[in-house]
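Heads up: the structure comes next, in structure tokens.
The values are calculated or read from the model by the stated rules, or taken from the named source; none is laboratory data. This structure is a prediction, so every number in the text was calculated from the model and none was measured. So basically every Cβ, Gly included, is an ideal-geometry build from the backbone, and we count neighbours across all protein chains shown. Quick note on the areas: whole protein, heavy atoms, side chains included, nothing else; ligands and nucleic acids left out. Shrake-Rupley method; radii C 1.70, N 1.55, O 1.52, S 1.80 Å.
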Amino acid sequence: DTRNGEQRYECPMCSLTCTDIQILEEHVDLHLEEQSFLEGGHIRDLELAQRLQTEEDKWQRSEEEKREKEEFKKLQRQYGLDNSGGYKQQFLKNMEREVDRGRLQPFEYHKRKADMMECLASGIDDGKTKTSGVIEALCKYYQNENKDVRHVWLSTGVDHFHSSLGDRGWGCGYRNFQMLLSSLLQNSLYNDCLRDTTLIPSIPKIQSMIEDAWREGFDPHGASHFNNRLHGSKAWIGACEIYSLLTSLRIKCQVIDFHKPTGPAGTHPRLFEWILHYYSKDNEGGAKVVCTSKPPIYLQHQGHSRTVVGIEEKKNRTLCLLLFDPGCPSQEMQKLLKQNSDGTTLKLLRKYVGSLKEKQYQIVAVDGVLSLEEKAARCHASQVLTSEKIP
């Protein structure tokens, strides 16, 4: 550029003009140095930010792993899979606690310990949590009840068993199996299947029986969940373990999965209808009280299980299940043996549609005896599918 005959040079980076080419070169060099410095600082800042983010991500992963491990330990404790001992250890620990609190005398502690050890050695339940005769008492009550019950169907005789010092908090599945078995033992149809099980087994014995079923090949997926071991643990069991055990004994049963509510407000009317059909099929007629030959039904939901021993149909056609709960102590159940005329103690057993609002339920229903061939086929099938879903 020339102005007034003078040579001028323009900076390509900031448009400054100079008359001396050397000065311009120095000026441009300053631009380049400044840019290099700024770019280097930006790179350093970026590297620092990336390093900080990497450290933050690493810390978050570490915290997440800690949380997951703690949650896993909680689940193991909750479901009795934390190797903290089983029925025997819990029974002794709870009795020692009772002695420390002055609720149990030392001589009684030693007597009960000896009884418990004998029970474990024999594999037979001691019967101390059992209440018998409730179904018979209910039958008499309903025959005289004239208020709002149109029909009632009852299982064949069932003994109630409740949780004890050794299984409180985790033994409901085992206690419900004892209830179901107490009914089957009174039915001659199952004599051949149960010829080696003539008395109610203890909880540790039931654990060993389920392990035997797994060794036969039943439900390998479920067995792996427990590392193929129940004995000596406080592991919770559910419908699949009950199915495997019954089928291994050649008792024909099925698991029905009510996997979602079928009525308003999260209710399960289809569950009630299925149970009504189970009891009333082959038992239809005009009789108000029907004492059927049907075994009770094992009912499972998240965190608990109970035993269905009958169903009421009210005069307004609503349905009400009758449930034995292993959490209900003998003192309460024995009140049902002296049923008063207004039936207030039946509140212990009655559950209406609006009372059962868990997300999903499973039932195990018994329906006859299996041949050896049918048992083998079901063993094979249980390796693939163990439940039927109700849509």
Selection from the stretch 7-22 of residues that are surrounded by fewer than 11 Cβ atoms within 10 Å (Cβ to Cβ) and under 17 Å from Glu34 (Cβ atoms): Pro12, Cys14, Ser15
Selected residue (criterion: most open to solvent (accessible area, probe 1.4 Å)) from residues of the stretch 308-360 that are assigned to a loop (DSSP other than H, G, I, E, B), over 25 Å from Phe161 (Cβ atoms) and among the charged types (D, E, K, R): Lys359
Residue that is under 23 Å from the mean Cα position of the chain (by Cα) and surrounded by fewer than 13 Cβ atoms within 10 Å (Cβ to Cβ), where the choices are Gly303, Gly286: Gly303
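Taking the stretch 242-283, which residues are within 20 Å of the chain's Cα centre (by Cα) and open to solvent by less than 20 Å² (accessible area, probe 1.4 Å)?
Initial filter on the stretch 242-283 (within 20 Å of the chain's Cα centre (by Cα)): 242-246, 253-261, 266-268, 271.
Ile242, Ser244, Leu245, Leu246, Cys253, Val255, Ile256, Asp257, Phe258, Thr267, His268, Leu271, listed by residue number.
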Pair list, Cβ < 6 Å and 6+ apart or interchain, from the stretch 293-308 residues that are closer than 10 Å to Tyr361 by Cα and assigned by the TED database to the domain that holds Leu185 to residues that are assigned to a strand (DSSP E or B) and of a type in the set (A, V, I, L, M, F, W, C): Leu299/Val308; Leu299/Ile363
Those residues of the stretch 140-155 which are open to solvent by less than 30 Å² (accessible area, probe 1.4 Å) and in a loop (DSSP other than H, G, I, E, B), in sequence order: Glu145, Ser155
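Does Gly85 fit the bill of being open to solvent by less than 80 Å² (accessible area, probe 1.4 Å), part of a loop (DSSP other than H, G, I, E, B), at pLDDT 80 or above and closer than 30 Å to Met117 by Cβ?
Yes.
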Residue within the stretch 159-175 that is polar (S, T, N, Q), closer than 27 Å to Arg112 by Cα and under 18 Å from the mean Cα position of the chain (by Cα) present: yes
Members of the stretch 220-234 that are closer than 19 Å to Leu181 by Cβ and open to solvent by less than 30 Å² (accessible area, probe 1.4 Å): Leu230
Residue count for the stretch 174-199, restricted to those that are surrounded by fewer than 21 Cβ atoms within 10 Å (Cβ to Cβ) and touching a residue at least 24 places away in the same chain (Cβ under 8 Å): 8
